[in-house]
Amino acid sequence: MARLAPTSLSVALGRPGIGQVVAPLLRLVPSLPVTAQVLTDRSCSPARVLLAASAVWAGARRTRSFARRSAADSAAEGPKPKVVFVIGGPGSGKGTQCEFIREMGFTHLSAGELLREERQREGSELGAEIEAAMTSGKAVPSEVIAKLLEQAMRERGAWTQSASFVVDGYPRSEEQLRGWQTTLSSKVKLLCCLYLEVEKEEMRRRLLSRAENSGRVDDNEEVIEKRLSGFQADTEPLLKFFEDEGQLCTVDGSRAPQEVFADVESQLAEAPQEA
Ligand code: AP5
């Protein structure tokens, strides 16, 4: 009987001679990976031979299309840029440290900055939503920030294995962490999550001092309090997650900027680099 496999064909024939005709014809189809093995089983009709051949042909096409899809998928996956997250409370010095990290060859992306830019972009559909969240000290919905982040990574840094991004202020909550895991996490290589640890009182002092001339809509006493109050609860689950993953690098951010950076630099040097 005919025994079918995607890469081989055993043609069982009821009438001698038909196999000798069909097998060479099948071999003429160059892309059909078929070995025609003509047997002499008298119970099989020429119609069944053709049926068997067409089943093998369809199987071979499925195999080739699967192979093509897999190749396309791996190409789409492509090289994985490296990412470092910098998290910490408002005023912990994320932006300041990221400026130093930028000197190490990283492209700096700030979640807050991306949101401020989008808010000001003429015709932005997200502008009102961002404005409402920012002026109330609340977090912007996670889909908005994930979308802006991926867009910025593709536009501002070449999407290559050697590209390195330092992302400040993201993820900011457990919800964003889940969003990250289901979207970008498989497309990049996360080197580590830097956590800048600073006492609330020190962060408040820095923000109030910056508020004197920053011009930021969220740099005023009332909103600063709201930003400070939500931060701790939102961050705890993130710290636990990255610690369990062995990817958390905690740095004492209460010292002078250069001192903090010395620590940051050595922690980054120790992070596994392979993409
Ligand atoms: P964002 O812009 O990220 O603000 P933030 O997290 O509140 O942090 P800041 O930018 O105020 O402070 P920083 O930690 O960067 O410190 P910096 O270096 O500037 O976000 C703003 C808003 O956007 C959020 O409230 C939210 O609404 C929204 N948002 C942002 N990300 C989001 C996300 N992922 N999802 C949803 N919504 C999001 O330093 C602060 C001051 O301290 C400066 O004056 C600086 O000179 C000084 N300073 C820094 N380091 C030191 C040091 N070591 N010693 C002394 N002074 C220092």
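Read-outs throughout are calculated quantities, based only on the coordinates presented, and are distinct from any laboratory measurement. Given the structure is predicted, the values throughout are model-derived calculations rather than measurements. Quick reminder, even Gly has a Cβ in these numbers, built from the backbone with ideal geometry, and neighbours come from all protein chains shown.
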Number of positions in the stretch 105-162 that are in contact with a Ser or Thr (Cβ under 8 Å, 6 or more places away or on another chain) and among the acidic types (Asp, Glu): 2
Listing of helices (runs of 4 or more DSSP H) fully contained in the stretch 103-200 that carry 2 or more residues being of a type in the set (A, V, I, L, M) and within 24 Å of PHE231 (Cβ to Cβ): 111-120, 127-135, 142-156
Got a sec? Which of PHE231, PHE242 is closer than 19 Å to ASP168 by Cβ, hydrophobic (A, V, I, L, M, F, W, C), within 13 Å of the ligand (Cβ to nearest atom) and touching a residue at least 40 places away in the same chain (Cβ under 8 Å)? PHE231
I need the full set of residues from the stretch 190-214 which are crowded, with 21+ Cβ neighbours inside 10 Å, touching a Phe, Trp or Tyr at 6+ places or on another chain (Cβ under 8 Å) and of a type in the set (A, V, I, L, M), in order please. LEU194
Please find, within the stretch 136-180, the residue that is farthest from the ligand (Cβ to nearest atom) out of those that are of a type in the set (D, E, K, R) and buried (at least 18 other Cβ atoms within 10 Å of the Cβ). ASP168
Acidic (Asp, Glu) and either in a loop (DSSP other than H, G, I, E, B) or under 18 Å from ALA111 (Cβ atoms) (or both), is that true of ASP218? yes
When the stretch 89-116 is checked residue by residue, the ones that are near the ligand (Cβ under 6 Å from one of its atoms) and hydrophobic (A, V, I, L, M, F, W, C) are ALA111, LEU115
